[in-house]
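Engineer: Have a look at the structure that comes next, please.
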There are 2 protein chains.
Amino acid sequence: MAMRNIKLVLAYDGSHFSGWQSQPTARTVQGEVEEKLAMMCQGEVALHGAGRTDAGVHALAMVANFNTTAKISCLGFKKGLNSLLSADIRILKVDEVAADFHARISAKAKTYRYFFSTAEIQLPTLRLYEALVSGVVDIKAMQDVLPLLVGKHDFSSFEAVGSRDLSYVDGRGAVRTLEAVSLKQLGDEAYCLTIRGTGFLRKMVRNIVGTLFDVGRQRISKDDFNKILQAQDRNLAGATAPACGLFLDNIEY
Amino acid sequence: MAMRNIKLVLAYDGSHFSGWQSQPTARTVQGEVEEKLAMMCQGEVALHGAGRTDAGVHALAMVANFNTTAKISCLGFKKGLNSLLSADIRILKVDEVAADFHARISAKAKTYRYFFSTAEIQLPTLRLYEALVSGVVDIKAMQDVLPLLVGKHDFSSFEAVGSRDLSYVDGRGAVRTLEAVSLKQLGDEAYCLTIRGTGFLRKMVRNIVGTLFDVGRQRISKDDFNKILQAQDRNLAGATAPACGLFLDNIEY
């Protein structure tokens, strides 16, 4: 029986998941999909995700792959998984790919979006999908800081404490390259930060956004922000921004 | 102690409510707000809503009023209620109004919005806030039908069965006036129907939308739609569209 390599593109509402990565007792996206795949393939299936999203973080197009000898068509996997999975995970696309495709290792770039509101009171229908931030008054100052982030930097200052596991296996340390960062107004008091890079450290986007909020609060200057970035010291950066505002938007191969 | 009349503008996520109207055993928006008002005012408070939304229907700006002798400022009510209420109800505005203001009786017009998607697969982060409809391919045909709805009509064909209670107290029967109906594309396969009228029968918007879906499915023609409207017979119209797509958007006084 020939071994096949199947690529999934999936979207999920992270609100009720303890993140992507399987855990023995918590509800996770990887855990749910692996469970349904095992039912369909009649045996254990290891699903490789392009990255890990944390609890509460959403995905519009996560990519994952798995190997199987099961004779189920791509359309069969798509329809089968969507009928077995709960409504907060949807399989958008299924393709059979070359044996050497690996969702994480083959990824060339990822794009995240971070949605936030500076309103006094947030609409309840948005509360799970945008962060409500207080005191952020200077969006222009936040935009002025963004070019500092673009390029190749050691992002230790924005890396989750105690997370040096996967990030260090390839010898890159905390050095990552951001290719584009922009901050646009969507509505009255609603904004979206878009950040595209070749790789991200754990909680890097949320730690950058949290520090940008301090710029927007006029607590720290552009010069302060640059010093924080250069310092390679997590203690200097701002708080981690709330998970609910973060969406994994796209992965390029 | 002078009797005051307090007007609230409130937004809610209807996903986890059995609608607006108080019920002995179910979780309702009116029930939740009345409970918190009773705590603040130290005695029972009757809250009058501008209308009733059904289970699962959302509101961006519902209006309600209540009478009290409590000496709590408008800002006090706003802050107090928002700290006592769960996150799926937010009080956007509190004003003291004239004694003769009544949220339902004084209302001049209401606007609803209905969001739907014709995508093959819906993003999970939208599943509670737009309806996913199958087979709807002809948006242009739906738009062509809308002018038939504008004006003064007997909307019996679109009235929920067995709902002739409040609608009939003022002698209007099922006659209502729609002032504007439009259907716009928001994204790739995402649409919003906006409907503004002086009054609505129970489930009228969702029954109109459900029948419009049949137009979009090319099951019924413009002429058929007109016959359904004229017939004053609920049995001829389409299925009630899902609650999750419906938002009470605005009430004019």
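The values are calculated or read from the model by the stated rules, or taken from the named source; none is laboratory data. Given the structure is predicted, the values throughout are model-derived calculations rather than measurements. Counting neighbours? That spans all protein chains shown, and the Cβs are built from the backbone with ideal geometry, glycine included.
Engineer: Out of B:Ala64, B:Ala99, B:Ala107, report the one residue that is surrounded by fewer than 15 Cβ atoms within 10 Å (Cβ to Cβ), in contact (Cβ under 8 Å) with a residue 12 or more places away in the chain and among the aliphatic types (A, V, I, L, M).
Structural biologist: B:Ala99
Engineer: If you don't mind, there's one more thing I want to ask. So which residues in the range A:11-40 are among the hydrophobic types (A, V, I, L, M, F, W, C) and either closer than 19 Å to A:Cys244 by Cβ or surrounded by fewer than 18 Cβ atoms within 10 Å (Cβ to Cβ) (or both), if there are any at all?
Structural biologist: Those that are among the hydrophobic types (A, V, I, L, M, F, W, C) and either closer than 19 Å to A:Cys244 by Cβ or surrounded by fewer than 18 Cβ atoms within 10 Å (Cβ to Cβ) (or both): A:Ala11, A:Phe17, A:Trp20, A:Ala26, A:Val29, A:Ala38, A:Met39, A:Met40.
Engineer: Take the residues in the range B:109-129 that are touching a Ser or Thr at 6+ places or on another chain (Cβ under 7 Å) and away from chain A (no Cβ under 11 Å), then tell me which one is nearest to A:Val94 (Cα to Cα).
Structural biologist: Per the stated criteria, the residue is B:Arg113.
Engineer: Moving on to the next point. When you look at A:Asn82, is it under 19 Å from A:Val97 (Cα atoms) and in contact with a strand residue (DSSP E or B) (Cβ under 6 Å, 6 or more places away or on another chain), yes or no?
Structural biologist: no
Engineer: For residues that are within 14 Å of B:Leu229 (Cα to Cα) and surrounded by 15 or more Cβ atoms within 10 Å (Cβ to Cβ), tally how many sit in the range B:130-159.
Structural biologist: So the answer is 12.
Engineer: Please determine, by comparing only the residues of the range A:73-88 that are surrounded by fewer than 19 Cβ atoms within 10 Å (Cβ to Cβ) and either more than 25 Å from B:Leu128 (Cα to Cα) or touching a Pro at 6+ places or on another chain (Cβ under 6 Å) (or both), which one is nearest to the other protein chains (Cβ to nearest Cβ).
Structural biologist: Step by step, filter the range A:73-88, then rank; the result is A:Leu75.
Engineer: Now a separate question. Could you please tell me which pairs satisfy a Cβ distance under 9 Å, a separation of 6+ or placement on different chains, a first residue in the range A:204-215 that is touching a residue at least 24 places away in the same chain (Cβ under 8 Å) and over 15 Å from A:Lys110 (Cβ atoms), and a second residue that is assigned to a helix (DSSP H, G or I) and charged (D, E, K, R)?
Structural biologist: A:Asn207/A:Arg234; A:Asp214/A:Asp224; A:Val215/A:Asp144; A:Val215/A:Lys222; A:Val215/A:Asp224
Engineer: Another question about this same structure. Could you count how many residues in the range B:32-65 are of a type outside the set (A, V, I, L, M, F, W, C) and part of a loop (DSSP other than H, G, I, E, B)?
Structural biologist: Residues flagged as of a type outside the set (A, V, I, L, M, F, W, C) and part of a loop (DSSP other than H, G, I, E, B) within the range B:32-65 amount to 8.
Engineer: Could you give me the residue pairs with C-beta distances under 8 Å whose first residue belongs to the range A:177-195 and is touching a residue at least 24 places away in the same chain (Cβ under 8 Å) and assigned by TED's automatic domain parsing to the domain that holds A:Leu212, whose second residue is among the hydrophobic types (A, V, I, L, M, F, W, C) and surrounded by fewer than 15 Cβ atoms within 10 Å (Cβ to Cβ) wherever it lies, and which are 6+ apart or on separate chains?
Structural biologist: Short answer, once both residue conditions are applied: A:Cys192/A:Leu186; A:Thr194/A:Ala180; A:Ile195/A:Ala180.
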